[in-house]
Amino acid sequence: MTRTRVLDLAALPPGGVELVVVRGMDVALFRRGEEIFAIGNECAHKGGNLCDGRVEGDIVTCPLHGWEFDLRSGVCMTIPGETVPHFTVTVDDGGIYLEESA
Ligand code: FES
């Protein structure tokens, strides 16, 4: 996947969450301090919106049934083997760029 500009950095203040669409996929952006994380928005369980989840540290909790996902890797902490896509985030020239990670 090529690097895609998805949002102006100014639109995502520290603590902020934004939903963007990358090649037809809903992606949730989370800004924690100066770090920005990006994972697929759709929960691997039954499609809950992870952008509406509660964030503590590097973990987001799905608002529907409480599965937890690591914002850095997309790995589910609740059910072994479950994941959501995750993206490498870079900031360049005032913009946020995503690239899908393996
Ligand atoms: S849809 Fe996310 S935990 Fe059930």
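Values quoted throughout were computed directly from the atomic coordinates according to the rules given, and no laboratory measurement underlies them. These numbers come from a predicted model, not from an experiment. FYI the Cβ positions are ideal-geometry reconstructions off the backbone, even for glycines, and counts take in every protein chain you see.
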Taking a ≥ b ≥ c as the square roots of the Cα gyration tensor eigenvalues, with a/c under 1.5 meaning rounded and otherwise prolate when a/b beats b/c or oblate if not, the range 3-53 comes out oblate
Hydrodynamic calc, the chain: Kirkwood Rh from Cα pairs, then Stokes-Einstein at 25 °C with viscosity 0.890 mPa s, so D in µm² s⁻¹ is 184
For VAL21 and MET77, extending 7 Å from Cα along the Cα-Cβ vector and measuring point to point gives, in nm, a value of 3.1
For the range 4-100, the charge dipole (Cβ of Lys, Arg +1; Cβ of Asp, Glu -1; about the Cα centre) points to a positive end, and the Cα of LEU98, HIS65, VAL75 closest to that extreme belongs to HIS65
Counted neighbours (other Cβ, 10 Å), sorted fewest up, put LEU7, LEU50 in the order LEU7, LEU50
Which of GLY74, GLY53, GLY15 fluctuates most in a GNM of the chain (C-alpha springs under 10 Å)? That residue is GLY15
